[in-house]
Amino acid sequence: MNVQYKKGVIELCILSILCKKDMYGYELSEYISKKIDISDGTVYPILRKLKADGLVKTYLSEDSGGPPRKYYSVTDTGRKQFNADSKDWLEFASTISQILKGDDKNE
Amino acid sequence: MNKKEYLEELRKELKINNVNEIEDVISEYEEHFKFKIEEGLTEEEIAKKLSNPKEIAKEYAISNAPINKYEKGAKTTGVVFMSIPLTMIYILICASVIVIGAFSIASLTAGFCLITTLNIAGLIPAMPYFPALILGIACLGLSVIACIGTIYMFLYVKQWGKVYERWCKNIINNHRYPSLSMHPQISKKVSSKLKLIAIISLVCFVAAFIIAYFALCISAGSMEPWHTYNWFN
């Protein structure tokens, strides 16, 4: 599948995952690369962008007993953005799949 | 490429692309190597699976979009000057919320006085008790409408303040944050309840006012009861 297709939705996927649970960078990266075929490390620049946009924030935590890890969590703005974007995306995806399957009812 | 070479290369590319907080980025990739090594991969394998440093640095450069300091200063000054007249207008709007709130309290007091025949400082005009009671109910209805109006205006004014603040921030920071809605978020349940209460109070007010007027006319035996009871002298 075309790489550009994927990059557009990874932001949305990250927000979706972080809405449910805070994760550290590597954990997120692995989680996504298990489901979507992207090269390792693609997620980190996207996380930086989301942070710069104020959609996610980071904090240090050492709950697993090891050295402190940088955790990512979603901000209120990020949650709002996710709710709006995921709705748009789902509508868009269902329209596209209707068109691709050829059962577009408008015809 | 081993870990050291990869990170060196990445650091170099990040510098070329003017990315901020390079060490922060490097530590993210160091972490990545550490986890992968724990999983049993060699440094070379890990580096091979990562995208090449040049591409990664470019991705960071996009997300980074460094803001020119002078530009930021100029924009901040512009926003501050623009805010001065707008703040004055905003204060006027805030004052109108207080006025409507005060009107609501005044109506409530008038209604209370009429119903309990409590005549504070002789402000309540003379009239028989039945029309006074109905007129009191009309005042209470008016008070509820004004109260709901105050709540709505307050929420809107608050939201507009936030919208403006976000808008200014976006001007200074190159549209970094999504803009906000002009409408405050009131849950559908609450807003439909408030609307229902407002409609009921409006009907109460209009009906009670008309009834009170006719009751006054009948008891005064004239279409202009205020003359009969000498309200304006």
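The values are calculated or read from the model by the stated rules, or taken from the named source; none is laboratory data. Owing to the predicted nature of the structure, the values given are computational and were not obtained by experimental measurement. Cβ atoms come from the backbone with ideal geometry, glycine included; neighbour counts cover every protein chain shown.
Is segment A:9-21 home to any residue that is more than 9 Å from the chain's Cα centre (by Cα), closer than 27 Å to B:K169 by Cα and not β-branched (V, I, T)? There is at least one residue in segment A:9-21 that is more than 9 Å from the chain's Cα centre (by Cα), closer than 27 Å to B:K169 by Cα and not β-branched (V, I, T).
Inspection of segment B:119-129 identifies no residue that is of a type outside the set (A, V, I, L, M) and at pLDDT 90 or above. A search for C-beta distances below 6 Å between a residue of segment B:23-51 that is touching a residue at least 24 places away in the same chain (Cβ under 8 Å) and any residue that is among the hydroxyl-bearing types (S, T, Y) and buried (at least 18 other Cβ atoms within 10 Å of the Cβ), counting only pairs 6+ apart in sequence or on different chains, returns B:A47/B:Y6. The single residue among B:T42, B:T109, B:T76, B:T87 that is hydroxyl-bearing (S, T, Y) and modelled with pLDDT under 90 turns out to be B:T76. The single residue among B:I145, B:I137, B:I124 that is assigned by TED's automatic domain parsing to the domain that holds B:L92, under 30 Å from the mean Cα position of the chain (by Cα) and surrounded by 12 or more Cβ atoms within 10 Å (Cβ to Cβ) turns out to be B:I145. Within segment A:37-67, if we keep just the residues that are in a loop (DSSP other than H, G, I, E, B), out of contact with any Pro (no Cβ under 6 Å at 6 or more places or on another chain) and more than 11 Å from chain B (Cβ to nearest Cβ), the residue that is modelled with the highest pLDDT turns out to be A:D37. For segment B:154-163, indicate whether the set of residues that are outside any helix (DSSP H, G or I) and within 14 Å of chain A (Cβ to nearest Cβ) is non-empty. No, the conditions are met nowhere in segment B:154-163. Here is the figure for segment A:68-90: residues that are over 30 Å from B:K34 (Cα atoms) and within 9 Å of another protein chain (Cβ to nearest Cβ) total 4.
Is it fair to say A:K34 is out of contact with any His (no Cβ under 9 Å at 6 or more places or on another chain) and either exposed (fewer than 10 other Cβ atoms within 10 Å of the Cβ) or in a loop (DSSP other than H, G, I, E, B) (or both)? In short, yes. Annotation: B:K58 fulfils all but one of (1) within 25 Å of A:R69 (Cα to Cα); (2) facing chain A (nearest Cβ under 10 Å); the unmet one is (1).
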